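The values are calculated or read from the model by the stated rules, or taken from the named source; none is laboratory data. Treat the numbers as computed from the prediction; the structure is a model and nothing was measured. So basically every Cβ, Gly included, is an ideal-geometry build from the backbone, and we count neighbours across all protein chains shown. All accessible areas refer to the heavy atoms of the entire protein, side chains included, with ligands and DNA or RNA removed. Shrake-Rupley method; radii C 1.70, N 1.55, O 1.52, S 1.80 Å.
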Number of protein chains: 2
Amino acid sequence: VKGRKTDLSEAPCAASRALQIFGDWWSLLIVRDALMGVQRFGEFQKSIGLAKNILSTRLKKLVENGILTTAPDEDGRHKYVLTEKGQSLAGVILAIWQWGEDHCFAPGELGVTLVDRRTTKAFAKMQMRTSEGRAVDAKDLRFGFVAKPARRRSARNSRTSRPHR
Amino acid sequence: VKGRKTDLSEAPCAASRALQIFGDWWSLLIVRDALMGVQRFGEFQKSIGLAKNILSTRLKKLVENGILTTAPDEDGRHKYVLTEKGQSLAGVILAIWQWGEDHCFAPGELGVTLVDRRTTKAFAKMQMRTSEGRAVDAKDLRFGFVAKPARRRSARNSRTSRPHR
């Protein structure tokens, strides 16, 4: 696919930069499995059903981007472990998961879900909220420019803009 | 890429089914722009910088999957509008966006962010919570089987499982 060559790693849009790292959705499924405790190459392969060379490329890219790290396991081979940066993708995975549950299953259809380890109950729906805690939806979003990560706003930069990559 | 041919639309994992719809991350950037009010082919193209044939394929797939719908605009051409299913992706986009802000920008680097239309302030961090409202993180997640969307649990199906596609 031609479009995939475009480099979004310097884009002003954080979603673009984030998605640039995943490259495609296989990488997010690898993170999903890693969150569930999968650590070995063969286990990832069995779970995701991806050709070895593709899985290998994806794992390498996730390591290069600091989402996974490698460590020696008991057998002297290496295992893949999520970094803190990788663990913080849990919210992204849960948001996608919940959307999939709402829109990609027939009523009553059995699926695998994410549950709280302690109570084995499903999680609350991920909710967008303002900094004051008010629940918002799609209609409340707009673009703004801010310096990151301090989220300072200056008169010069505080403006709404056309969509940007 | 060979792996992309795999059909995950019947997978028990909701994240897999959801990601199957997007196919790749360009589709999520199209949804991002649509959330910001982009409606015309040329505007999507200008914003995302994608080749026309690829953009056309992605738009078509999003329409087929009920995320976008087409409507005639004032000029007699057609415009793309998010359905309710599409609008409910806002939380996914915000979660990815916030992760990108935290991990893909240098300190103080200027970026475009999502702000509340009313206050122009950044949103609160998307937070995973149990059904009782307790904040949880990556370590609290595990797989469970439930019927959807009623989230009923039966003795037969209520079990933890190995990762599944």
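Only protein heavy atoms count here; on that basis, with a 1.4 Å probe, residue A:125 has an accessible area of about 120 Å². Annotation: per residue accessible area for the range A:49-134 equals 47 Å², rounded to a whole number [probe 1.4 Å, protein chains only].
Within the accessible area of the range B:1-108, the carbon and sulfur atoms contribute 49%, probe 1.4 Å, all protein chains present. Label point of residue A:83 (7 Å along Cα→beta-carbon): distances to the other copies' equivalent points are 3.9 nm, sorted ascending. Buried accessible surface for the B/A chain pair comes to about 10000 Å², total over both chains, computed with a 1.4 Å probe. For the range A:1-88, which GluC sites (Glu not before Pro) are in a loop by DSSP, counting at most 14 other Cβ atoms within 10 Å? Of the GluC sites (Glu not before Pro), the ones in loops of the range A:1-88 whose Cβ has at most 14 other Cβ atoms within 10 Å are A:10, A:74. When both the range B:21-82 and the range A:50-86 are represented by their alpha-carbon centers, they are found 34 Å apart.
One decimal place: the segment residue B:73-residue B:110 gains 9.8 nm when fully extended, by the rule 0.36 nm per residue minus the C-alpha distance. Counting only other chain Cβ atoms within 10 Å of each residue's Cβ, the peptide B:123-134 averages 6.
The accessible-area ordering, largest first, of the residues A:57, A:120, B:130 stands as A:57, A:120, B:130, per a 1.4 angstrom probe. Residue pairs exceeding 22 angstrom between C-alpha atoms, taken from A:85/B:125; B:46/B:121; A:79/A:121; A:139/B:121; A:52/B:139: B:46/B:121; A:79/A:121; A:52/B:139. Label point 7 Å out from residue B:64 along Cα-to-Cβ: which residues of the range B:9-34 have amide N under 19 Å? From the range B:9-34, the list is B:9-11, B:16-31. Copy-to-copy label distances for residue B:134, where each label lies 7 Å from Cα along Cα-to-Cβ, are 3.1 nm in order of increasing length.
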